[in-house]
1. 5 Å is the cut-off here: which amide hydrogens, built 1.01 Å from N in the peptide plane, fall below it relative to residue 332, excluding neighbours closer than 5 in sequence?
2. Could you tell me the center-to-center distance, by alpha carbons, between the stretch 136-150 and the stretch 178-213 in angstrom?
3. Tell me, which cysteines of the chain are without a disulfide-compatible partner by the Cβ under 4.7 Å rule?
4. Along the three principal axes, how long is the stretch 2-233 when you take its alpha carbons, biggest first, rounded to the nearest angstrom?
5. Can you show me the helix-derived [θ] at 222 nm for the chain, built from DSSP H runs with n ≥ 4 at -39,500 (n - 2.57) apiece and divided by the number of residues, rounded to the nearest 500.
6. Per residue of the stretch 54-61, in order, report the coupling 6.51 cos²θ - 1.76 cosθ + 1.60 (Karplus, θ = phi - 60°) as ³J(HN,Hα) in whole Hz, putting x for Gly and Pro.
7. In nm, to one decimal, how far is the residue 46 label point from the residue 191 one, both placed 7 Å along Cα→Cβ?
8. List the lysines whose Cα lies under 16 Å from the Cα of residue 387, skipping any in the same chain that are fewer than 8 positions away.
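No lab work stands behind these numbers, since they all come straight from the coordinates. Keep in mind that this is a model prediction, so the values were computed, not measured. All Cβ positions, even for glycine, are placed from backbone atoms using ideal geometry, and neighbour counts span all protein chains on display.
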Amino acid sequence: MEENSVNRSDRKKGINSFFICELLLTLAAPVFVLVLMLVMQSGATAMIKGLVSLFVLSAGLAFVLYRSVRTKDLLYDNLVNMNRFLISYTACALLAALSAILPEFIVPVAALGFICAVLSNAYTGIFCSLIFCAMPLFVNGKSFEYFLFSFATCLAVILLILIGRDIREKTAAGLVIFSLVYITLYTAVIVLKRTDIVPSVIINPAAGLIFDIIIISLTVYGVRKNIILANEEKYDRIVDPEHPLILELKEKDKKEYKRSIHTAYICDRLSDKLGFDRALMKGAGFYHRIGVLSNNNMSIADATVHMVKRENFPWPMIKILEQYGNESLEEIPPEASLLCIADTVINEVLVRMEKGEEDIDYEKLIDRVINSLIGSRNGRLQKSGLKIQHLYRIRKYLKEEKLYYDFLR
């Protein structure tokens, strides 16, 4: 009862905090624009149009973030560190509002959008970019070409550096391509506007591009050092066989310990073959049944999630263990599906060995396990997020590990 009371209290605090977050996201940009328009003594009609439009966009951003939080689709550990996104978004929105009274092209709008994207996810960052680019348009009616240019550069830098890439790699190449896109788009704007070539036409965008590159580079460096490397060090401690939880499991339940370490090995090897995060999946393999150590009146799956949260494990690993233990999910994501297959195969092999079976046909066993998980009507992974080519490679690799299965004896 006390445990449930604490969980309800934590959940209530989380809901209240998230409500404040959503309210801030909805109001921050409109408030900044309202203050600026009042200072500039803008007309009532323009003020109402701008504020209503910006409020709708901000509400859309709040909804996008809400969906990302619900699906736990945020980068790195952003889900449990929302404050840094909120602070960054507020600061970026203020700077975007001030860009209405600054020369065009000099404010690094692309960098502002990138900062918000890397502290949430790409889709939220794109929506933030839309708001940042629209704010000068609403405040003083800056050219629509400037809005399009700014938003296109934001899209470019997010797509080139963040989507489908490891931020630790190819950042320099992404910035080079971004610079070329920036220059090309700016040239197109000059041609469309038929602007006379005066010094400010060259200096302002050049300064803006330099600011973009510097800020984006510093952001990438900060994320690498303070988030990614910090998480990697945490993973290194977690997947260490000498971790206190693993040693406790070894001492109290050797059967579960054996199942966990061999599941971790298979997860690690399959992740290497499929391009998944090896440390993440190895850790999930180690701890996917650590709840057997709990003395609480919970299921193993619930106790496992409770224990890893208590130990402050990285959020991506907690998410996989939650998905693995939740049999009511409509679709099991790829990582949790991989964990399920590895654990089921290892458990099936161990059970047969305990029964004293000598000649186990591993190929038939693996086919039967995978078919029962995916092909049968009540299969746990009937709606798995794994692709067909993933399943083919998983089946092929598992059949190649015959010598390893014999080692389990």
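1. Placed amide hydrogens put 383, 384, 385 under 5 Å from residue 332.
2. 15
3. Isolated Cys, the chain: 21, 92, 133, 154, 267, 340.
4. 73, 47, 22
5. So the calculated ellipticity at 222 nm is -24500 deg cm²/dmol.
6. 5, 5, 5, 4, 5, 5, x, 4
7. Distance between label points: 3.1 nm.
8. Here the lysines satisfying the reach criterion relative to residue 387 are 273, 396.
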